[in-house]
There are 2 protein chains.
Amino acid sequence: MTTRNSVKRFHGMALWFALGFCAAAQAAVDFVAPPPAKGFAAPPLPEGPLYYPTGEGHEIKVVVVARGLSFPYSIAFLPDGAMLVSEKNAGRLRVVRNGVLDPRPANGIPKVIANNFSGLLDIELHPEFDSNQLIYFSYNKALDEGTAVAVARGRWDGRDLQDVKDIYVTAPGTTAGSRIAFGADGRLYVTIFGAFGNVPQQGDVVDGKVLRLTADGQIPPDNPFVGKAGFKPEIYSMGHRSATGLALHERTGQLWELEMGPNGGDEVNILKPGANYGWPLVSTGRNYAGPYQTKAFNNVEGMEDPVIYWMPSISVSGIAFYRGDKFPAWQNSLFVGGMRTGEIAGTGRLERIHLNADMQEIRRETLLADLRRRIREVAVSPDGYIYVLTDEADGALLRIEPSDRQTEKR
Amino acid sequence: MTTRNSVKRFHGMALWFALGFCAAAQAAVDFVAPPPAKGFAAPPLPEGPLYYPTGEGHEIKVVVVARGLSFPYSIAFLPDGAMLVSEKNAGRLRVVRNGVLDPRPANGIPKVIANNFSGLLDIELHPEFDSNQLIYFSYNKALDEGTAVAVARGRWDGRDLQDVKDIYVTAPGTTAGSRIAFGADGRLYVTIFGAFGNVPQQGDVVDGKVLRLTADGQIPPDNPFVGKAGFKPEIYSMGHRSATGLALHERTGQLWELEMGPNGGDEVNILKPGANYGWPLVSTGRNYAGPYQTKAFNNVEGMEDPVIYWMPSISVSGIAFYRGDKFPAWQNSLFVGGMRTGEIAGTGRLERIHLNADMQEIRRETLLADLRRRIREVAVSPDGYIYVLTDEADGALLRIEPSDRQTEKR
């Protein structure tokens, strides 16, 4: 099996690794990330496409669609084929048309608190965007009394956002991250990170919760805590640490929430009204000094258990169900981005979780680990391609396609 | 940052992956491994050394010491600097002297049941090998009444094993794997895999147990179940699934046991006399069809909890604590081999678990994943190098050393 050519390729790879090793480390510090890796930075992305094998037997092609994005956070697909990308740290909304990044950011994004920990966050289209052109986004906002998480919306005119206004703003004091998604019920679900202390268990603050709002930012009267003393009525579910991802599963109407734990506590939950997901009382994570957060891993009265876990953590980020016709072997697969920087070979990845018909995990696959990059977001386009964002100062938008080349079969 | 050279290297790597993709899959089916990957086989190992960055900031060099080993399973270091390697499937004991594999296998190994699921297994030196030259090994043995796991010992004459005899043989009906290790108490600990049904909870069979024997294979009178009705007196601990690894931690005298779970149930336990480690009643694993094995992940009365978990599984194999002066940043690190073949980028690995002074995990690092190989065994030599075995028909013995080359610092 050992051929001269393959040996040469192998040496090339080893040199390539060394190159990455020598460059200065420049990983961004994430809100709740583990200690950064020492002495390692990712090598540059190539100009041309990359080809990789996968565990289901097909080859994929990975294309760099855009680069130079400032810590991009979220992707939204417009019906005309264009894509919107939020740049977290720069607080800008960017547009990709016909596969080309428009150098001019869209107008209409308000001033955000933009740094490694906050900025312009998630973007979502209204379910009836075709008729109302409404785009929603979450961001970190400076109030006179302190910092807040805000959800705003505006009307997309094909180039810029018009008539932008905040539809929901947290009380001052929140600096956390957020994801947003429309549920099958047409309500807007908003996650507010809440890593610290016992706040995720406190009903009178929104930190560490998932909120449920109308499309106008009002409280739906059927929210589970409406009228319940000591609870904010916008709360839908509680006991979350950092809910970095939200994905609607269209067939079941379930909303799947991805949650970044501490050292060994990443998890996926299926959201239910009024449910308590346990943080910090129930978790499989350790605190960063070593001891487990709690002896209670799961199965605690009154607490809802995750459906998928990571031990150790991969520093989960975005989440998306695959749908479309481009990857038949990936139907019913769940994709999750990973930003872990402490592992060399596993530095950042796209993880594919193969689900059975009952939506239970049967196996997993690590993709894109060779890129050595933090994967911040994964999204499936209406035409069935998979897009990811790398979390870097010179961040990239990548597209995963079926391979288009002949491969030797032996 | 994008240079022409680095792009060329990157393309070389992509081609290299495609090469592996095209070759026919030839992964060995392990005793309790998850379903094999489709359409992927590892590319050949190079002739020359490989260099990799690590998460603690130093570079490592990986050297192929020997190849052509038939599914090698275990390594033992002789005081004269030679190494013994067991070939599971071939049922042979091989010798590496001065870094060269002797083409002649050592004599003295009895006939073993040699196939993908069984054969010649673990090798250990008696703690007083210097004075008695005794070598112990475990293997799968054919009895008239069925198959058994046996532990044998023989005297090493520098070339062959002399006076080999079985010192312990299970009852017929056991086809399982086994690891052996001497404890700090001078007793010989023997693991017997027990993946199926409730047998790990049954005291009258040795499957799914760790046994404790004298160096002559007898029952120590202070064994925890001696005189207890319904229990085999050789049992030291119970409730194990497939105990693929055993490692003595010299400072504390603790014996750490590595256990391969089902889908998401790999774990490390610290062995205590008479303790029950829960399988199949307590586990974080799923069965391969998807549902969790049990709702009880941990913290169950009367059951001992693991200290380290994997979700998803990496199909754990061998285990070793680092000691020595070659890798100062890896003092107090635990190394674990992984044989998972369902993940492409994570196909096989050497995982390093960074422990704090209280022996609690604080972070992990994935090493050697680029080799795309099942790592069956990891062992630390008396002079502080790390050796691993790849689980293949053309298996390799690899040595990890500190890097010996100048690297550009930027």
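Among strands (runs of 3 or more DSSP E) entirely within the range B:67-113, having at least 3 residues that are of a type in the set (D, E, K, R) singles out B:92-97. Any residue at all in the range A:325-333 that is open to solvent by 10 Å² or more (accessible area, probe 1.4 Å), of a type in the set (G, A, S), within 14 Å of chain B (Cβ to nearest Cβ) and in contact (Cβ under 8 Å) with a residue 40 or more places away in the chain? For the range A:325-333, residues open to solvent by 10 Å² or more (accessible area, probe 1.4 Å), of a type in the set (G, A, S), within 14 Å of chain B (Cβ to nearest Cβ) and in contact (Cβ under 8 Å) with a residue 40 or more places away in the chain: present. Scanning the range A:128-163 for residues that are touching a strand residue (DSSP E or B) at 6+ places or on another chain (Cβ under 7 Å), closer than 17 Å to A:G186 by Cα and not basic (K, R) gives A:Q133, A:L134, A:I135, A:Y136, A:F137, A:V151, A:A152. State whether one or more residues within the range A:267-290 are facing another protein chain (nearest Cβ under 9 Å), closer than 30 Å to B:V300 by Cα, buried (at least 21 other Cβ atoms within 10 Å of the Cβ) and touching a strand residue (DSSP E or B) at 6+ places or on another chain (Cβ under 7 Å). Yes, the range A:267-290 contains a residue that is facing another protein chain (nearest Cβ under 9 Å), closer than 30 Å to B:V300 by Cα, buried (at least 21 other Cβ atoms within 10 Å of the Cβ) and touching a strand residue (DSSP E or B) at 6+ places or on another chain (Cβ under 7 Å).
Of all the residues in the range B:271-284, those that are touching a residue at least 40 places away in the same chain (Cβ under 8 Å) and touching a Phe, Trp or Tyr at 6+ places or on another chain (Cβ under 8 Å) number 5. Kindly provide the set of residues from the range A:94-152 that are aromatic (F, W, Y) and open to solvent by less than 40 Å² (accessible area, probe 1.4 Å), ordered by number. Selection gives A:F129, A:Y136, A:F137, A:Y139. Is it true that some residue in the range B:345-363 is assigned to a strand (DSSP E or B), within 30 Å of B:P79 (Cα to Cα), open to solvent by 10 Å² or more (accessible area, probe 1.4 Å) and touching a helix residue (DSSP H, G or I) at 6+ places or on another chain (Cβ under 6 Å)? Checked against the condition, which is being assigned to a strand (DSSP E or B), within 30 Å of B:P79 (Cα to Cα), open to solvent by 10 Å² or more (accessible area, probe 1.4 Å) and touching a helix residue (DSSP H, G or I) at 6+ places or on another chain (Cβ under 6 Å), the range B:345-363 yields at least one hit. Taking the range A:154-175 as the range and being of a type in the set (D, E, K, R) and open to solvent by 40 Å² or more (accessible area, probe 1.4 Å) as the test, the residues that pass are A:R155, A:D157, A:R159, A:D163, A:K165, A:D166. Taking A:A296 as the residue in question, decide whether it is surrounded by fewer than 24 Cβ atoms within 10 Å (Cβ to Cβ), within 13 Å of another protein chain (Cβ to nearest Cβ) and touching a residue at least 24 places away in the same chain (Cβ under 8 Å). No; evaluated as a whole, the condition is false for this residue. If you take the residues of the range B:367-386 that are outside any loop (DSSP other than H, G, I, E, B), within 14 Å of chain A (Cβ to nearest Cβ) and under 16 Å from the mean Cα position of the chain (by Cα), which of them is surrounded by the fewest Cβ atoms within 10 Å (Cβ to Cβ)? Residue satisfying both the conditions and the ranking: B:L367. How many residues are touching a Leu at 6+ places or on another chain (Cβ under 8 Å) and part of a strand (DSSP E or B) when one looks only at the range A:162-187? Total meeting the criteria: 8.
The values are calculated or read from the model by the stated rules, or taken from the named source; none is laboratory data. Keep in mind that this is a model prediction, so the values were computed, not measured. Cβ: placed from backbone, ideal geometry, glycine included. Neighbour counts: every protein chain shown. In case anyone asks, the SASA skips ligands and DNA or RNA and just uses the protein heavy atoms, side chains included. Shrake-Rupley method; radii C 1.70, N 1.55, O 1.52, S 1.80 Å.
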